[in-house]
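Participant: Below you will find the structure I want to go over with you.
The values are calculated or read from the model by the stated rules, or taken from the named source; none is laboratory data. These figures come from a predicted structure and were not determined experimentally. Positions of Cβ are generated from backbone atoms using ideal geometry, with glycine treated the same way; all protein chains shown enter the neighbour counts.
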Amino acid sequence: MRGIIIFLLFCFLGLCCQAQKPVMHLDSINPVIRYDSHGDSIRKYFSSTYFNYENSRSKNKNVLIAAFYSNKLAVNYRQALQKIPKLKEYGNPGSQSYIQMIDGYAGKYAIPIFDSSGIIITVNGINPKNVGQYQFRVIEDKQKVVLPWSKPKLFCRAYLMTKIADPDKEDELSAYLGQFKAAYGTALTFQVRKISTPDSINASVTAYWVKWRPRVVGVFTFSQLPDFLSIFKKQWTSPLENPNQADWSKDTVLKLKKDFSYNENNLIFYLDDIIKSKSIIEYNLVNGKDSTGWTVNDFDFNLVWLKNLSPGKYRLKIRYSVQRDNICTYAFTIQAAWYQTVWAKAALSLLGILATGFLLLLWRSGKQAEKLKEQRISKQLVQTELKSIRSQFNPHFVFNALSSIQGLITKNDPQNASKYLIEFSNLMRDSLKASDKEFVSISTEIKILESYLALEKLRFGFYYQIKVDGQIDASALEIPALFLQPLVENAVKHGISALQKDGQLFVLFDKLNNDMVVSINDNGKGFYKNNSSNGFGLQLTKERIKLLNQTLNDQHIELFMKRTDNITKVIIHFKNWLI
């Protein structure tokens, strides 16, 4: 068991070591290098470094080693040693001359590599004809040989015009050593020698894979745009225009400010690196529990522009997409204006609620007034209709009374006719008094009924009785004026008039819980159910009930008729009348 564990441990260590080995593509040429005939694609995607090119008149020139690496992310090419001191550890002290391009690092020290694309190495001066004279190797961290001395196998177009292989002819091809990748914190040194002088290195260059994260060197507000534009101009000034240009990242206009006022909410965070693709920069703005998430930058330059920030405490996290584990965090605060404070917002919210409540109250009051006005108008219309209906009762009653008087005169009964006229005048006086009122007491209504029934009794001789429940206060409780008279008249004219002295009529006022039930019972011939008229007075009463129910709030009047045991009953149900 112990042996198995030791074996597995060695296998694991072996895998780890294998994983740390540099990746070397030696058998194929990078497509950009292979198919670019004019150098446009190379300049678009790569920076370049050239080393060991002797610019002399001697015909015995050393070969020129060339390095191509990604240009999407770079530190200031002229201040690389100050920013990454580790590069000095991998110098080439034996080298005699070098060329530093505008957008590349000097090959005298190690070239910093920031992404996984690695570095491509070519050598001017080696072509298919003289390749047998040269070898190259790769050394890791100046100690470990990861690729022993080998002969170049591939060739590509020479990117830089040189005359090395043949002093009288430009080099058309250069040796393509390969594309190399290593872990961060690792350096690879590429050396070229002549086989005839194995102890002498003709050309060498070193690449160092750097762990790198963004660094904010200045923060600009919208009012500081002139300062921002000045430093932006200095950064992108070509060394050809100003060979002695100082490190722009140390300019005095660059200030790291942490606290900003409420109106300084558009901020530009300036970074100390060269960016040529916006996809390189990713940022995440954190405000408490709120976060934008990692977002690709909006610009192809080394800046992050945040706009319209609300007051609060923020943490701006910035990383390069080629090294997402290395994150820069910049904390800052946007102060709130007085009206943006919690107390101000609470006060404004309270005022808003009060104003809204006041406006709502005004609106409801207006609606209520409008509703009351509509109800008042509606009630006035209903009352007008009720008065109109009540006014129709009088001529209807008068016509019937005069018909009765005419009948007595025709019968040559002047004594009863005179008595009838006296009773009729009393009835007219009482009914005229009641007609001016919307409601009258039950006792007043009964008095009118008594006067009317006394008149009709003179003519027909029937028996009648009006009875009020003892629990009903007839003098205090009111009902609509002249409400029962048309119904009683209908019972007399269409019910008991034909029976003469055998006719019987009962008007009963009964209490039923909070309701009052008035029934008008007669022993007349009854009515037909399919008869929709049942007398003019009855139709007017039904219409009057319909209108009254529109004006009553918690009270209601219902009227229905039935015939039981040869008795016709007209029942008026006054609901909630005794509350």
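Participant: What number of residues within segment 166-212 are assigned to a strand (DSSP E or B) and either touching a residue at least 40 places away in the same chain (Cβ under 8 Å) or of a type in the set (Phe, Trp, Tyr) (or both)?
Facilitator: Applying the first criterion (assigned to a strand (DSSP E or B)) to segment 166-212 yields 166, 169, 173-181, 187-194, 201-209.
From what's left, either touching a residue at least 40 places away in the same chain (Cβ under 8 Å) or of a type in the set (Phe, Trp, Tyr) (or both): 173-181, 187-194, 201-209.
Total meeting the criteria: 26.
Participant: I would also like to ask the following. Looking at (1) surrounded by fewer than 19 Cβ atoms within 10 Å (Cβ to Cβ); (2) at pLDDT below 90; (3) in contact with a Phe, Trp or Tyr (Cβ under 9 Å, 6 or more places away or on another chain); (4) over 25 Å from residue 210 (Cα atoms), can you tell me which one residue 62 breaks?
Facilitator: The single condition residue 62 does not satisfy is (1).
Participant: What is the residue count in segment 442-475 for residues that are closer than 18 Å to residue 515 by Cβ and touching a strand residue (DSSP E or B) at 6+ places or on another chain (Cβ under 7 Å)?
Facilitator: So the answer is 8.
Participant: Next up: Criterion first (of a type in the set (Asp, Glu) and either touching an Asp or Glu at 6+ places or on another chain (Cβ under 6 Å) or free of Cβ contacts under 8 Å to residues at least 60 places away in the same chain (or both)) does residue 469 satisfy it? Give the derivation first.
Facilitator: Working: of a type in the set (Asp, Glu): yes; either touching an Asp or Glu at 6+ places or on another chain (Cβ under 6 Å) or free of Cβ contacts under 8 Å to residues at least 60 places away in the same chain (or both): yes.
It is true that residue 469 is of a type in the set (Asp, Glu) and either touching an Asp or Glu at 6+ places or on another chain (Cβ under 6 Å) or free of Cβ contacts under 8 Å to residues at least 60 places away in the same chain (or both).
Participant: Can you tell which of 320, 330 is over 18 Å from residue 262 (Cα atoms) and in contact with a helix residue (DSSP H, G or I) (Cβ under 7 Å, 6 or more places away or on another chain)? Walk me through it before giving the result.
Facilitator: Numbers: 330 fails: in contact with a helix residue (DSSP H, G or I) (Cβ under 7 Å, 6 or more places away or on another chain).
Exactly one of 320, 330 is over 18 Å from residue 262 (Cα atoms) and in contact with a helix residue (DSSP H, G or I) (Cβ under 7 Å, 6 or more places away or on another chain), namely 320.
Participant: Quick one: in segment 151-165, which of the residues that are touching a residue at least 40 places away in the same chain (Cβ under 8 Å) and within 19 Å of residue 25 (Cα to Cα) is surrounded by the fewest Cβ atoms within 10 Å (Cβ to Cβ)?
Facilitator: 153
Participant: Please go through (1) surrounded by 12 or more Cβ atoms within 10 Å (Cβ to Cβ); (2) over 30 Å from residue 184 (Cβ atoms) for residue 328 and return the number of the only condition it doesn't satisfy.
Facilitator: Going through (1) surrounded by 12 or more Cβ atoms within 10 Å (Cβ to Cβ); (2) over 30 Å from residue 184 (Cβ atoms) one by one, residue 328 breaks only (2).
Each row is one residue, and each column tells you yes or no for (1) surrounded by 15 or more Cβ atoms within 10 Å (Cβ to Cβ); (2) among the basic types (Lys, Arg); (3) part of a loop (DSSP other than H, G, I, E, B); (4) modelled with pLDDT of 50 or more.
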| site | (1), (2), (3), (4) |
| --- | --- |
| 5 | no, no, no, yes |
| 19 | no, no, no, no |
| 24 | yes, no, no, yes |
| 28 | no, no, yes, yes |
| 38 | no, no, yes, yes |
| 44 | no, yes, no, yes |
| 48 | yes, no, no, yes |
| 53 | yes, no, yes, yes |
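Participant: Does any residue of segment 166-176 turn out to be surrounded by 14 or more Cβ atoms within 10 Å (Cβ to Cβ) and within 18 Å of residue 47 (Cα to Cα)?
Facilitator: yes
Participant: Could you figure out which of (1) farther than 26 Å from residue 114 by Cβ; (2) modelled with pLDDT of 90 or more isn't true of residue 241?
Facilitator: (2)
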